[in-house]
Every structure is written in C-alpha cells, then in structure tokens.
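Everything on this sheet refers to the single structure shown next.
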C-alpha cells in the first residue's frame, strides 16, 4: 500500500464518527433530563411515568459509556481525561441509583431534588466529554 508502513488501517475517521455520536448522545440525554425535570416540577404524573423516563435516561447513559469506553483505548485519548470521565460516570450512576431507589420506594417527592443533582452531574460529565472528544470529532 502506498504510504502505509504498518498493517493497521487508519481508523481516525471511525473514531471521529464515534466522537461525534458521543457528543450528540450526550446532548440528547441532557434534553431528556431537562424534560424529566420539567415534568417533575408540577408533579402531575404517576410515578411510573417518571420511572419510564429514568429508565430511558439510564439506557442512554449506558450507551454513552460504551461509546466512551470504545474510544478510551484510542491513541488520541488522554488517560487523565478518561480517568475523569470514569469518575464522572460513577457519579452519574450514583445519581441514577438514588432516583431508581426513590421510585421503587414510592418517594416521588424526592425526585425533583435528585433530578437536580443528576442534572448537575450530567452537566459536569458532558463538559468533560466535550473537552475530551470535541477535537477528535472534527477529523
């Protein structure tokens, strides 16, 4: 192959696509959390509605973490950034666990405060994602 000195194909376009998808998914999850918080304020819904929204947010976070993990082995990734993202994801998981527990225990009144903590944690995590993957997504 002309110009290629190693056997590994250039995967920078694939990594850039995954990085773009990470940023898009984080935006979608943020919108879902905002939607949930807007619904929690008037508390007009059954707890099952909130539980369904929380489940969808959790599934999105799991997908997001899978994509982040896939890029963490990339030579373009900074190990310190990846460590911070792991810590941020752990914080998000704790928030989600607290919200799930509140739903299971029927503590609907706790959900707005827990949702706000989730929003703060997600905002911080998305900032880390942006710092870590913005330049990679432009390739």
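Compute the label zone of residue 101 within segment 28-59: residues whose backbone N is under 18 Å from the point 7 Å along Cα-to-Cβ. Within reach of a label on residue 101, which here means backbone N under 18 Å from a point 7 Å along Cα→Cβ, segment 28-59 contributes 51, 54-55, 58.
Below 8 Å, C-alpha to C-alpha, sequence gap of six or more: please give me the relative contact order for the chain in percent.
Numbers: 106 pairs, mean separation 58.7, N = 139.
42 percent.
In this structure, residue 62 and residue 109 have a Cβ-Cβ separation that, at R0 = 30 Å, corresponds to a calculated FRET efficiency of about 0.65.
Where a number appears in this text, it was derived from the coordinates with a stated rule and is not lab data. Everything numeric here is computed off the predicted structure, so don't read it as measured data. Note: ideal-geometry Cβ built from the backbone for every residue, glycine included; neighbour counts use all protein chains shown.
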